[in-house]
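Sharing a structure below in structure tokens format, with a few things to ask.
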Amino acid sequence: MRSLPLIGLCLSAAVLSATSPRASAPSAGGPLVKAPPAAHEKILREFSGKYGQVEVGGPSAGAEFHGSRPLPSRISFYEPAANSLDMSTDYWKRGASAPFDVGVRVNGGAARHIGREAWEYTLSPHRVEFRRSEVTLRWSSRFEFFKTLPGLLWTLTCENVSPDSLEIDLLVRCRTVVRTCQTYAWMDSAWTARDKGRGALEIHCDRPQARRACFVFQNLGERPVGWTTAAFDPGPDSTASAWFDAGAGLGRRLLPEGAEGSAAAAFEYRKTTAPGGGRIVVRLAILSADTARVKRLEEKARRGWKQEIDAYDAYIVRQLRLAPRTGDRAVDATSDWACAILGANAHSLEGRVVPMPCPAEYNFFFTHDVLLTDLAAAWFDAARVKRDLGTIASLSEGGVIPHARYWRDDGFKTELCTPDNWNHLWFIECVARYLRHTGDTATAGGLFPLVERSLREVLTQRHGDSLMYAFRPDWWDIGHREGPRSYITILTIRALRDFLYLGSALRRDLPLLAGYEALAGGMQRALTRRLWDENAKYLMNANGSDPDRHFYMGSLMADVYGELAPPRSEELLATAERVLLDRRIGIRNVMPPDFSTDSVRSYFRFPTNEAGDPYLYANGGVWAHSNAWYAQSLVATGHAQEALGFLKTVMTLDGVAASPRGQPAMYEYRYADSTSPEYGAIDKPSFLWAGGMYLGTVYALMGFRDNAWNIAAGDCAGAACFGSARATVEFGGAMAVSVEGTGSRSTRIVAGANVCPSCVFPLDVRGNSRAAMPGENPRITILRGGAGAACLADMNARLLSCRAVAGGFRAEISSFDGHAVHARIVSNAPLKGVYLDGNPLADVSSSRESDGAYVTTIGFAGTLRPQVLVVR
């Protein structure tokens, strides 16, 4: 969630509807659409609902559209700084911004505007094409992005479908009102130039706040018969013909340096088109760069624009190789889309391309968004996680990690994390996940001083009652009323346990680990003792001594991380279902939605209506991560089939499209007032960590788990939802992991010649698996079925190796001296004995479950030196 000035809150009247490209009949959420012709384009989706938002982008630019209109409300650039072309005056009404205009006149008749109405379109995360058919004309407006050129390509096509020749006259204009990054200052003054040979108009915003950006509009298709760089507007009540004549009549006018003024890039095109298919094709490269680079970039665009578009297309398509495959069409198609979003939502910052939340909105580097995405990416793209952690480290100052990095006024600025910032906790977990998946002790060791500092910083928020205190409610970054928080307490418990793993694996801070383990245990006990409300059956918060009667979705993390024992884990889920769940669109982030009332605003010290009106934004809206954490809570508590149904209903492209006001999107949030005609409206439909958290949820449903000490295939979780499945799993390198067999339990890991009686991935599997073919990733197979011979299901220690022995297995493990090791063993018969370093264990208990399996729990004191566990 972002802290944004809310001047007024309004949703546009038109919200986009969509259906799958394979749809053959109307769905509940939108009208009939046809399948796109390019079947190999797995991430194309068609939309004919004519409402809603679109955001698409590339490394150096992004475009935002509202109301299904084919002209952008905003274009964001990322070089030389994150400036935008945008005429909005209210963030929540930004769809009213219209910097682009198109007029058309046929055979010298009356002119009319085109593009102010809704069109159909075909979308992927990195490109969009709008279409409109009329009696005599067929239109297309396509936006694509370059791989290395700093900008985008707009292709406007008008096709004559009549039986007669038509003279088509087009006037295309962009008002170049520049909005600066972060301060969002309005700049409507520029000097202009023209490069006749390259067909380009140059708009120079020669202000330091905009980093002296030059915006280039370069013709790469039809040559214009007229142009101007002077803004023109005959008045709000003028006709389209008057507007057209005003623009065409300005002539070839430049604004000299020293005589700056309100600028535009306007072109007039005229062509007599043949009947039955003759076309006029306007192709504009729209670039942004510092003045010194402009001529070189114009020449590169003139010669290589097609190669640039193709290169970026190919890059996005390559991302799809990372998508897991479950055999469920809707789930897998959405995984493809999510991988494409992870590729597309990355933009230039200070000369390097880094992940950012959206193609056009939130044009900053946000540590939170990167880390939440990379918690999932650790499963399938370790190189990305390493790169992102390196970026965070490079932006740290004084040992403190950044909250955000952006251009502002006169330079690039870093906001550092304050001690109560949850980024500290996500950073610790992400570093630990990276090490668990890669074994890269050099990188993790280099990051460890930042991990240490983050833990020290955040523990300053721990009070004498062993709970974590914060000023913000739940996971929000607004509000100022301090009190104990379940969300940050849950995350801190997990971060402490991740730190235990890091310290043990890196052999760092070993004398501190036992104390941190005791601290985590005390905090977990305090979480339920102090914040569990027996009447509400939920983890509630407090503000000072005042109970907070709001139900926040952040409490679900206790189930995700296994920090609540039954029956409370089940009760928490039941309460979330009763209070927070909207079965058509998902989990509301808080209830009741009263944060817009004067009393609650005053109590939490919101200076404005920051949280939003009821059911909007933070005030009871449905957020993508709320849905992901609810689904993962269901998986963690053994309700995998229910989680799969929830995912398919509210998280897949098909499910979202079929919902109220739906469109296939991975959004920031949805409007959740079921009594409103805007119910289900989506804001920011292409959101980075929505993609990442969807993929993380799919891995959880496939049965994969990443606990604080190792990665594992769940012994009774969700791979049975899919039968067979396959995915890339990073484990000392990318491995092709397949899940085979039927049954609810994982029973064996097969890696090359090794058959490991374990659900936990042993470290000696790394490097010992074999690829089926040269150039392929090494393969691992997870075998599923009913309980068989003894299998190690779970353990909170590093598993160095695990081998079958007569009647059981032999495992080598390591942790740290005094660590409280716990493990679960599943078998089809009672165990005959459990031995640690040759001695029988005393702390052994066993129970029989409904499927007949015996589950044995053991406990013992760990050591840093390897210990040998033998089970028979």
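For region 286-386, which helices (runs of 4 or more DSSP H) that fit wholly inside it have 1 or more residues that are open to solvent by 10 Å² or more (accessible area, probe 1.4 Å) and among the charged types (D, E, K, R)?
294-319, 329-344
Take F471 and tell me if it is aromatic (F, W, Y) and within 21 Å of A378 (Cβ to Cβ).
no
Taking region 586-628 as the search range and keeping residues that are open to solvent by less than 10 Å² (accessible area, probe 1.4 Å) and among the aromatic types (F, W, Y), which one is farthest from M693 (Cα to Cα)?
Among them, the one singled out is F604.
Would you mind stating whether R810 is surrounded by 15 or more Cβ atoms within 10 Å (Cβ to Cβ), in contact with a Cys (Cβ under 8 Å, 6 or more places away or on another chain) and outside any loop (DSSP other than H, G, I, E, B)?
yes
Take E668 and tell me if it is touching a Lys or Arg at 6+ places or on another chain (Cβ under 7 Å) and open to solvent by less than 10 Å² (accessible area, probe 1.4 Å).
Considered against the rule, which asks whether it is touching a Lys or Arg at 6+ places or on another chain (Cβ under 7 Å) and open to solvent by less than 10 Å² (accessible area, probe 1.4 Å), E668 comes out as yes.
Can you pull out the helices (runs of 4 or more DSSP H) entirely within region 566-639 that have at least 1 residues that are more than 20 Å from the chain's Cα centre (by Cα) and over 22 Å from Y538 (Cα atoms)?
Output list reads 598-604.
State whether the residues of region 656-663 include one that is open to solvent by less than 10 Å² (accessible area, probe 1.4 Å) and assigned to a helix (DSSP H, G or I).
yes
Output yes when any residue across region 511-518 is of a type in the set (F, W, Y), under 23 Å from I813 (Cα atoms) and surrounded by fewer than 24 Cβ atoms within 10 Å (Cβ to Cβ), and no when none is.
Within region 511-518 (the criterion being of a type in the set (F, W, Y), under 23 Å from I813 (Cα atoms) and surrounded by fewer than 24 Cβ atoms within 10 Å (Cβ to Cβ)), the answer is yes, since at least one residue qualifies.
Can you tell me which residue within region 726-749, out of those that are charged (D, E, K, R) and at pLDDT below 95, is least open to solvent (accessible area, probe 1.4 Å)?
Within region 726-749, the match that is least open to solvent (accessible area, probe 1.4 Å) is R745.
If you take the residues of region 393-409 that are without any contact (Cβ under 8 Å) to a residue 40 or more places away in the chain and part of a helix (DSSP H, G or I), which of them is surrounded by the most Cβ atoms within 10 Å (Cβ to Cβ)?
L395
Given S141, S97, S133, S165, which one is crowded, with 24+ Cβ neighbours inside 10 Å, more than 23 Å from the chain's Cα centre (by Cα) and among the hydroxyl-bearing types (S, T, Y)?
The conditions single out S141.
Here's a follow-up. Within region 541-562, take every residue that is open to solvent by 10 Å² or more (accessible area, probe 1.4 Å) and among the aliphatic types (A, V, I, L, M) and give me the one that is nearest to L455 (Cα to Cα).
Once the filter is applied, the top-ranked residue is V560.
Within region 219-233, how many residues turn out to be closer than 23 Å to T272 by Cβ and not aromatic (F, W, Y)?
8
Please work out which one of (1) of a type outside the set (A, V, I, L, M, F, W, C); (2) modelled with pLDDT of 95 or more; (3) surrounded by fewer than 24 Cβ atoms within 10 Å (Cβ to Cβ) is the condition P72 fails and give its number.
Here P72 meets the rest and fails (3).
Cβ-Cβ below 6 Å, separation at least six or inter-chain, first residue in region 353-369 and over 11 Å from W689 (Cβ atoms), second assigned to a loop (DSSP other than H, G, I, E, B) and of a type in the set (K, R): which pairs?
E361/K684
I'm trying to understand the selection: among the residues of region 736-748, which are in contact with a helix residue (DSSP H, G or I) (Cβ under 7 Å, 6 or more places away or on another chain) and closer than 19 Å to E776 by Cα?
V739, the sole residue that qualifies.
Condition (residue is modelled with pLDDT of 95 or more, assigned to a helix (DSSP H, G or I) and within 25 Å of R173 (Cβ to Cβ)) applied to region 249-260: is it met by at least one residue?
No, because not a single residue in region 249-260 is modelled with pLDDT of 95 or more, assigned to a helix (DSSP H, G or I) and within 25 Å of R173 (Cβ to Cβ).
Return the residue satisfying two criteria in turn: it lies in region 856-871 and is surrounded by fewer than 16 Cβ atoms within 10 Å (Cβ to Cβ) and under 21 Å from R803 (Cβ atoms), and of such residues it is farthest from the chain's Cα centre (by Cα).
My answer is V868.
Output the residues belonging to region 144-161 that are farther than 29 Å from Y315 by Cβ and open to solvent by 10 Å² or more (accessible area, probe 1.4 Å).
Within region 144-161, E159, V161 meet the criteria.
Of the conditions (1) in a loop (DSSP other than H, G, I, E, B); (2) open to solvent by less than 50 Å² (accessible area, probe 1.4 Å), K832 fails just one. Which one is it?
For K832, the exception is condition (2).
When only residues in region 700-720 that are among the aliphatic types (A, V, I, L, M) and assigned to a loop (DSSP other than H, G, I, E, B) count, which is modelled with the highest pLDDT?
Ranking the qualifying residues of region 700-720, first place goes to A708.
Which residues, taken from region 453-476, are in contact with a Leu (Cβ under 9 Å, 6 or more places away or on another chain) and of a type in the set (D, E)?
none
Considering only region 835-847, I want to know if a residue exists there that is in contact with a strand residue (DSSP E or B) (Cβ under 9 Å, 6 or more places away or on another chain) and either under 24 Å from E740 (Cβ atoms) or open to solvent by less than 10 Å² (accessible area, probe 1.4 Å) (or both).
Checked region 835-847: no residue is in contact with a strand residue (DSSP E or B) (Cβ under 9 Å, 6 or more places away or on another chain) and either under 24 Å from E740 (Cβ atoms) or open to solvent by less than 10 Å² (accessible area, probe 1.4 Å) (or both).
In region 100-121, how many are farther than 23 Å from A266 by Cβ and open to solvent by 20 Å² or more (accessible area, probe 1.4 Å)?
2
Given the criterion open to solvent by 10 Å² or more (accessible area, probe 1.4 Å), on the phi > 0 side of the Ramachandran plot and touching a residue at least 24 places away in the same chain (Cβ under 8 Å), identify the matching residue among G680, G723, G703, G696.
Testing whether each residue is open to solvent by 10 Å² or more (accessible area, probe 1.4 Å), on the phi > 0 side of the Ramachandran plot and touching a residue at least 24 places away in the same chain (Cβ under 8 Å) leaves just G723.
Could you tell me which of the residues A853, A823, A787, A797 is of a type outside the set (S, T, N, Q), closer than 26 Å to V737 by Cβ, modelled with pLDDT under 95 and open to solvent by less than 30 Å² (accessible area, probe 1.4 Å)?
A853
Next up: If D206 passes every condition in (1) open to solvent by 60 Å² or more (accessible area, probe 1.4 Å); (2) within 30 Å of F47 (Cα to Cα); (3) charged (D, E, K, R); (4) assigned to a loop (DSSP other than H, G, I, E, B) but one, which one does it miss?
Only one criterion is unmet by D206, namely (2).
Which residue, of R494, R485, is open to solvent by 10 Å² or more (accessible area, probe 1.4 Å) and either closer than 30 Å to A618 by Cα or touching an Asp or Glu at 6+ places or on another chain (Cβ under 8 Å) (or both)?
The match here is R494.
Determine which member of the set R194, R198, R173, R142 is out of contact with any His (no Cβ under 7 Å at 6 or more places or on another chain) and in a loop (DSSP other than H, G, I, E, B).
Exactly one residue qualifies, and that residue is R198.
Working only within region 75-87, note down all residues that are touching a Lys or Arg at 6+ places or on another chain (Cβ under 7 Å) and either within 21 Å of R670 (Cβ to Cβ) or open to solvent by 10 Å² or more (accessible area, probe 1.4 Å) (or both).
Of everything in region 75-87, those that are touching a Lys or Arg at 6+ places or on another chain (Cβ under 7 Å) and either within 21 Å of R670 (Cβ to Cβ) or open to solvent by 10 Å² or more (accessible area, probe 1.4 Å) (or both) turn out to be P80, M87.
The values are calculated or read from the model by the stated rules, or taken from the named source; none is laboratory data. Quantities reported herein were computed from a predicted structural model and do not represent experimental measurements. Note: ideal-geometry Cβ built from the backbone for every residue, glycine included; neighbour counts use all protein chains shown. Quick note on the areas: whole protein, heavy atoms, side chains included, nothing else; ligands and nucleic acids left out. Shrake-Rupley method; radii C 1.70, N 1.55, O 1.52, S 1.80 Å.
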